[in-house]
Amino acid sequence: MPYLCNSPSLTDYLADSDIADYHHPAIQSLATELRQQAPDETTFIRLAFEYVRDQISHSWDIQSSLITCSASDALAHKEGICYAKSNLLCAILRSQGIPAGYCYQRLTLGDTPDTGYVIHALNAVYLRNAERWIRIDARGNKPGIDAQFSLDQERLAFPIRKEYDEVDYPIIYSEPHPSTIQVLRQHNDCKVMYLHGLPAEL
């Protein structure tokens, strides 16, 4: 699937912000540590992805009521839903000068359409040596979900089921979609938010 950037400049995919706050000392420290383990940029991207996927718990998976939003918040509490985890991965990558953005899917909340739909967030990262974007999904693996870092074939958390009207949006956003940040800031209980508050459309 061809990707469409909502901004024409790669510089916009390197921006520091209150959400992807890579100026935060904890993010700088983690990124430096991961960079020291990586012989090249591609390895660093993989290590950053695996860290957020494996070391930052998905709040629903651990049945936590805590809501995190910014990258530094997710790192401090070691948890977040996909919106917060994508903020963290974006910040880690950008802190090392690697363009990163946000992508979205419309999925069923449960296994079937009668459960309703939700917007799921993942990341895109620009590979300079290949001059192309790839998508990676650090949501967090569990039985039935096996997202991996892959240069050749996408291995995302959720395959799109068109027969259920699920949608894979082709746009790579330079900033998180406002609806994803709004929902995190409007709620105070993650379990209630997850079941009843997540946006169903972009």
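Just a few scattered comments:
- Peptides 132-145, 73-86, ordered by how many other C-beta atoms sit within 10 Å of their residues on average, highest first, read 73-86, 132-145.
- 18 Å Cα-Cα reach of K85 towards aspartates and glutamates, excluding residues that sit fewer than 8 places from it in its own chain: D16, D18, D21, E50, D54, D61, D73, D137, D146, E175, D189
- Label selected from (i) 47, 35, 32; (ii) 83, 41, 30; (iii) 97, 44, 34, the criterion being Cα extents along the principal axes in Å as computed here: (i)
- Extension gain, E33 to S179: 0.36 nm times the residue separation minus the Cα-Cα distance gives 49.3 nm.
- Couplings 3J(HN,Hα) of segment 9-26, computed from phi: 10, 4, 4, 5, 8, 10, 5, 8, 7, 5, 8, 9, 8, 6, 6, 5, x, 5 Hz, in residue order, whole Hz [Karplus 6.51 cos²θ - 1.76 cosθ + 1.60, θ = phi - 60°; x for Gly and Pro].
- Computed extension length for L10-R155: 49.8 nm, one decimal, from 0.36 nm per residue of separation with the Cα-Cα distance subtracted.
- Evaluated at q = 0.13, 0.28 Å⁻¹, a Debye calculation over the C-alpha positions of segment 112-183 (equal weights, vacuum) places log10 I(q)/I(0) at -0.47, -1.42.
Computed from the coordinates by the stated procedures, all read-outs in this text should not be read as laboratory data. Treat the numbers as computed from the prediction; the structure is a model and nothing was measured. All Cβ positions, glycine included, derive from the backbone under ideal geometry; neighbour counts span all protein chains shown.
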